[in-house]
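Let me begin by presenting the structure, written as structure tokens, before commenting on it.
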Amino acid sequence: MINDAIDAFAQIFTPPFRATLLKSLGLTIGLLIVIWLGLDRLAAYFIHVETGWLATILAVIVGLGLVVGLVFLIAPVTSLVAGFFLDDMAAIVERTIDPAGAPGKPIPAGAAAIFALRFAGLSILVNLIALALLFAPVVNVVAFLGANGYLLGREYFELAAMRYHTPVEARAMRNRFELRIFLAGLIIAGFVAIPILNLCTPLFATAFMTRMHKRLAGGEAGLS
């Protein structure tokens with residue numbers, strides 16, 4: 001598992017992944033700029049203060065609020081944008097680790113869009129958990145890692161498994177290897193906790209869980 005994580009981390013900086021990373025970051029920055037402009041216009045529309053000093057204070061408060069809001073939105077927006085590239089990235093990993101093996105089947109466009117929205121929703125949920133427990137030392141770390149380990153491990157593993165199995169089969173496989181997938185999810189959770197680097201979470205998690213699925217599926221085939 002550790003070797004899979006190390007190999008997955010190394011792969012996100014290779015040319016095929018780097019191209020996807022640049023595209024997703026570019027789209028993310030573009031969306032954040034649009035969101036910033038929209039929120040700024042919205043704040044200006046609803047806040048009308050004539051007094052000079054009060055207007056300045058409110059402008060500073062609104063500006064800080066927008067900065068905090070955008071920092072909070074970076075991870076969800078990145079997950080949403082990168083979610084549309086996850087199937088392509090899984091295919092790259094499969095060709096790298098098993099070039100002679102049968103390639104997985106791309107997930108239908110509708111299902112891929114749902115996955116992208118689910119990834120963004122999970123990212124928002126995890127960030128809300130971290131925010132809610134910000135002032136609860138130790139508890140916040142355990143809750144953050146535990147929630148991330150379960151949610152992200154589950155979602156990314158099922159994404160990798162669904163390229164070879166039906167959704168029902170993918171969930172059944174995830175249940176059979178629940179502990180190992182949770183432990184792998186904890187590694188992803190640790191990755192999420194690192195600022196800046198966490199922008200690469202969708203790429204790392206996809207590369208990591210694709211390897212995990214191949215390894216676990218190969219073990220099942222050897223036992224059958």
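FYI, it's all coordinate maths here, none of it is from the lab. These numbers come from a predicted model, not from an experiment. All Cβ positions, glycine included, derive from the backbone under ideal geometry; neighbour counts span all protein chains shown.
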Fewest to most Cβ atoms within 10 Å: MET89, MET209 sort as MET89, MET209
If ILE188, ILE124 are placed from fewest to most neighbouring beta carbons inside 10 Å, the sequence is ILE124, ILE188
Around GLY153 (Cβ within 15 Å, Cβ-to-Cβ, excluding GLY153; K/R +1, D/E -1) the net charge comes to +4
Checking rank on 6-15, 29-38, with mean other Cβ inside 10 Å and highest first, the result is 6-15, 29-38
The exposure ranking of GLU178, GLU158, fewest beta-carbon neighbours within 10 Å first, is GLU178, GLU158
